[in-house]
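A.B. asks: Pasting a structure here, questions to come.
The values are calculated or read from the model by the stated rules, or taken from the named source; none is laboratory data. This is a predicted model, so every value here is computed, not measured. Cβ: placed from backbone, ideal geometry, glycine included. Neighbour counts: every protein chain shown.
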Amino acid sequence: MRCNQIKDLLSPYMDGMTNEKENRLVKEHLAECPSCREELERMQFIALCLNKMEVPPCPEGLVLDVRKRIVEEKNKVFSLREAAKPKRQGWMAAGIAGIALLIGIYINSILPVENIAFLWRDKDSEAGKNVAIVGKGPLDRIMGITGIGKEEKRVAQAPFTEDEDNDGGNVAVTDKETVKPAVPGKKSAGGIYVAEQLAAQIKVGDIDKSTQEVIKLAQASGAEYKIVDSMQPLSGEATKTIELAVEKDKADSIIQQLSLLGEVSDTSRNQVSLTEQYNKVQEEINILNEKIAQAEKEGNAEAKADLEKKLQELNGVKNDIEGKMAKITLKVYLVENVKP
Amino acid sequence: MYTDEQLVKKSLKGDVAAFEELVLRYQNKVYALAYRYMGNEEDAYDITQEIFLKAFRSLRTFKGNSSFGTWLYRVATNVCLDELRRRKRRVIPLSLDEPLATEDGDELEKDIIDPSPGADIIYERREFSEYIWTFLNQMKPEHKTIIVLRDMMDLSYEEIAQILNCSVGTVKSRLNRARNILRKKIEEKELLF
Ligand SMILES: [Zn+2]
């Protein structure tokens, strides 16, 4: 046996990881080779020294610091008003306001559409056109009439209203003045109608796997989804944009699970006011109803049928708007985290 | 008393206290790993936080194929490796005309500060351990990792293989290689032996 062959066995030998035959070979060789013996002794000495390096105990308060750090990620995580004050009391009581609170679901700020477009790098959005908040269809036509894009930039809203069940003491963000919630279907003159859209970029390890996970998540929660595009940013990393339309009461749990896919950044929250559109449609409907009543009075069946057809169409538009308000659009921008 | 796996499930369902229980259970082990990587308390504490944050974010990827402890070590090792690589990239060689020392054909490590304390300083040290560690700290992150896991954390080859997602054979050969590089590094100084 030559020294070179033995030398490769010394490391496993000192860990007891050589087999019987190797063991015997090493022992025999060591008995007659001072050079290999010395090498083994040195390696053992180095390992022993390292093993004895003193490690101070973990400082106290790690749990609190970790919790704080997680909460501090608020700016990196989707914001969601609904999650701020869950309706389910038990959920809130379950454990320091639940994971949604822990990961800091937080209303960051309400950004104007232009900022959203930038953050989302939405290729589809052209200047002046609304970003993805409205799909193609009758709603677009109404948008064309009334002109959308009068979103206001508002001050940052704190998400968490005080709640007796909320004992997540580290969350310092409380503000009772939250945005008046949208009330779909109600037509009081002073009603506020908004479509809400949340966006975030998530860095993931494997873009295809994560895309599948998002789709699975969407399907499991009955959310509509579509893969918007797969544009390549300048850096050349693989990306995928997925849009989910989710029921408001399911949004918090979906966001929670999305946030676990990877590092979340570039988040934004946007509310597009539909008040004007909604009132406009409602007004049209009222006028049409009056006209229909008039036509009926006049016995003009042809005009009445024509008006009723228009009414049907407008009701469709109204439903569409209500649908937009009942759901939250989550735009997930997946980016593959390329390992160097 | 819940098992780790039960706590993971509870955490995923939104039970924050369950995740904090996991932090409590593993904080000393994770901190010890971080300390052995970083060599000082401040960095070790920062990295420990990062590790638990990363673990929290990727909790969903824990499928129970290994023990939670092993999975957490994997997360911890990855965070430490990322940090080491990040730091390494940041260091600019002081002297550009000084040839980079190649060791074992592929190690270019002159960009790391060479501690090389004089012999007198070494004898003043109460512990050789810290001194040896400074050499370990000069090694390639992959080599440093395997030595930290084996010689400092006392983990078995099987555990290391699970943590690094490789075979026991790979652990064996990589450890052999790393230990020999470290030994030669120290021998070069002709101080210890
Ligand atoms: Zn020999």
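A.B. asks: Considering segment B:8-57 alone, what residues qualify as being within 7 Å of chain A (Cβ to nearest Cβ), over 13 Å from A:CYS58 (Cβ atoms) and either of a type in the set (Asp, Glu) or assigned to a loop (DSSP other than H, G, I, E, B) (or both)?
C.D. replies: Once the filter is applied, which keeps residues that are within 7 Å of chain A (Cβ to nearest Cβ), over 13 Å from A:CYS58 (Cβ atoms) and either of a type in the set (Asp, Glu) or assigned to a loop (DSSP other than H, G, I, E, B) (or both), segment B:8-57 yields B:GLY14, B:ASP15, B:GLU20.
A.B. asks: Give the residue that is farthest from the ligand (Cβ to nearest atom), with candidates limited to residues of segment A:16-28 that are charged (D, E, K, R) and either away from chain B (no Cβ under 14 Å) or surrounded by 17 or more Cβ atoms within 10 Å (Cβ to Cβ) (or both).
C.D. replies: Here is the first cut: in segment A:16-28, the residues charged (D, E, K, R) are A:20-22, A:24, A:27-28.
Right, trim to either away from chain B (no Cβ under 14 Å) or surrounded by 17 or more Cβ atoms within 10 Å (Cβ to Cβ) (or both) and you get A:20-21, A:24, A:27-28.
Numbers: A:GLU20: 20, A:LYS21: 18, A:ARG24: 15, A:LYS27: 12, A:GLU28: 11 Å.
Only one residue fits best here, namely A:GLU20.
A.B. asks: Now for a separate question. Test A:GLU38 against the stated conditions and say whether it is near the ligand (Cβ under 10 Å from one of its atoms) and among the acidic types (Asp, Glu). Talk me through it step by step, then tell me what you get.
C.D. replies: Details: near the ligand (Cβ under 10 Å from one of its atoms): yes; among the acidic types (Asp, Glu): yes.
Here the answer is yes, as A:GLU38 does meet what is asked.
A.B. asks: To continue, here is another question. For the subset of segment B:174-193 comprising residues that are part of a loop (DSSP other than H, G, I, E, B) and more than 7 Å from chain A (Cβ to nearest Cβ), which member is modelled with the lowest pLDDT? Step through it out loud before you land on a result.
C.D. replies: As a first pass, look at segment B:174-193 and keep what is part of a loop (DSSP other than H, G, I, E, B): B:189-193.
If we keep only those that are more than 7 Å from chain A (Cβ to nearest Cβ) too, we end up with B:189-192.
On the way: B:LYS189: 75, B:GLU190: 57, B:LEU191: 54, B:LEU192: 47.
Checked segment B:174-193; the qualifying residue modelled with the lowest pLDDT is B:LEU192.
A.B. asks: If I filter segment A:1-15 down to residues being within 16 Å of B:LYS172 (Cβ to Cβ) and within 11 Å of the ligand (Cβ to nearest atom), which single residue comes out as surrounded by the fewest Cβ atoms within 10 Å (Cβ to Cβ)? Before you say what the answer is, go through the steps one by one.
C.D. replies: The first filter runs over segment A:1-15 and keeps only residues within 16 Å of B:LYS172 (Cβ to Cβ), leaving A:5-15.
Of the ones still in play, those that are also within 11 Å of the ligand (Cβ to nearest atom) are A:5-7, A:9-10.
Numbers: A:GLN5: 12, A:ILE6: 21, A:LYS7: 18, A:LEU9: 22, A:LEU10: 25.
Ranking the candidates gives A:GLN5 first.
A.B. asks: Among (1) assigned to a loop (DSSP other than H, G, I, E, B); (2) farther than 24 Å from A:GLU22 by Cβ; (3) of a type outside the set (Asp, Glu), which single condition is B:CYS166 missing?
C.D. replies: (2)
A.B. asks: For residues that are closer than 18 Å to A:ARG67 by Cβ and touching a residue at least 12 places away in the same chain (Cβ under 8 Å), tally how many sit in segment B:31-73. Break it down stepwise before answering.
C.D. replies: First pass over segment B:31-73, keeping only residues closer than 18 Å to A:ARG67 by Cβ: B:31, B:45-59, B:72.
Then drop every residue that is not touching a residue at least 12 places away in the same chain (Cβ under 8 Å), which leaves B:31, B:45, B:47-48, B:50-52, B:54-56, B:58-59, B:72.
The number of residues fulfilling the criteria is 13.
Residue-wise test of (1) under 15 Å from the mean Cα position of the chain (by Cα); (2) surrounded by fewer than 23 Cβ atoms within 10 Å (Cβ to Cβ).
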{"residue": "B:SER11", "(1), (2)": "no, no"}
{"residue": "B:GLN27", "(1), (2)": "no, yes"}
{"residue": "B:VAL30", "(1), (2)": "yes, no"}
{"residue": "B:LEU33", "(1), (2)": "yes, no"}
{"residue": "B:GLY39", "(1), (2)": "yes, yes"}
{"residue": "B:ALA44", "(1), (2)": "yes, no"}
